[in-house]
1. I'd like the carbon and sulfur percentage of the solvent accessible area for segment 1-86, probe radius 1.4 Å, heavy atoms only, ligands and nucleic acids excluded.
2. Answer with a single label: of (i) 19.3; (ii) 13.8; (iii) 19.0, which was calculated as Kirkwood radius over Cα pairs in Å from the structure in view?
3. Where does the chain land at 222 nm, in deg cm²/dmol rounded to the nearest 500, when only DSSP H runs of n ≥ 4 count, each adding -39500 (n - 2.57), divided by all residues?
4. Among the lysines, which have Cα under 30 Å from the Cα of LYS74 when same-chain residues fewer than 8 positions away are ignored?
5. Rounded, prolate or oblate: which fits segment 52-122 when a ≥ b ≥ c are the square roots of the eigenvalues of the alpha-carbon gyration tensor, with rounded for a/c under 1.5 and prolate only if a/b beats b/c?
6. Let me check the size of segment 1-61 from its C-alpha atoms; what are the radius of gyration and Dmax in Å?
7. By Kyte-Doolittle mean hydropathy of at least 1.0 and Cα axial length of at least 27 Å, which whole DSSP H helices of the chain are selected?
8. Could you pull out every residue, at least 5 positions away or on a different chain, whose amide H is within less than 5 Å of the one on LEU49? Hs are placed 1.01 Å off N in the peptide plane, and Pro or chain starts have none.
Amino acid sequence: GMLVPIYILVMGFTPKHSIPLSNITVFGGSLANVYLNASKRHPLADRPLVDWDLILMMEPLTIAGALVGAVLNKLLDESVLVVMLVLLLSYTAYKTLKRAVKMYSAENEHRRSELENDVFDDDDGDFA
């Protein structure tokens, strides 16, 4: 999600070039990870580290999405691509921020309850 904006804003590529470039970057990273992790075993269970069944289930849809995206990249005008990218990144940022606020609230509530348990010696409110 961050490669396309980095390629556009930092490196100065157009959206038409940034999208395929990010795809090939992710592909290269995936190849490196498969090469490094294919022979490793899970540390806590007697199974491979890579879940090959999950890969077989997910990859057809991933490939289909990449093909649809490649066709849309060819067909759509650059301004439409930019609007779609902004909408996607805005939605992703909103969901991430919402999850972060929820986690922050939960952590603060947990800290607050720990502090209350440490400060009070018993239920009558006397300080320790």
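The values are calculated or read from the model by the stated rules, or taken from the named source; none is laboratory data. Note that the coordinates shown come from a computational prediction; the quantities given were computed from them, not determined experimentally. The accessibility values were calculated without ligands, DNA or RNA, using every heavy atom of the protein model including side chains. Shrake-Rupley method; radii C 1.70, N 1.55, O 1.52, S 1.80 Å.
1. Working: 4860 of 6580 Å².
Of the solvent-accessible surface of segment 1-86, carbon and sulfur hold 74 percent.
2. Only one option fits the structure, namely (i).
3. Calculated from helices alone, the mean residue ellipticity at 222 nm is -25000 deg cm²/dmol.
4. LYS16, LYS95
5. Oblate, because a/c is 1.5 or more while a/b does not exceed b/c.
6. Every Cα atom of segment 1-61 included, Rg and Dmax give 15.8, 47 Å.
7. Working: long enough: 15-37 (32 Å, 0.32); 52-75 (34 Å, 1.29); 78-119 (60 Å, -0.09).
Answer set is 52-75.
8. LYS40, ARG41, HIS42
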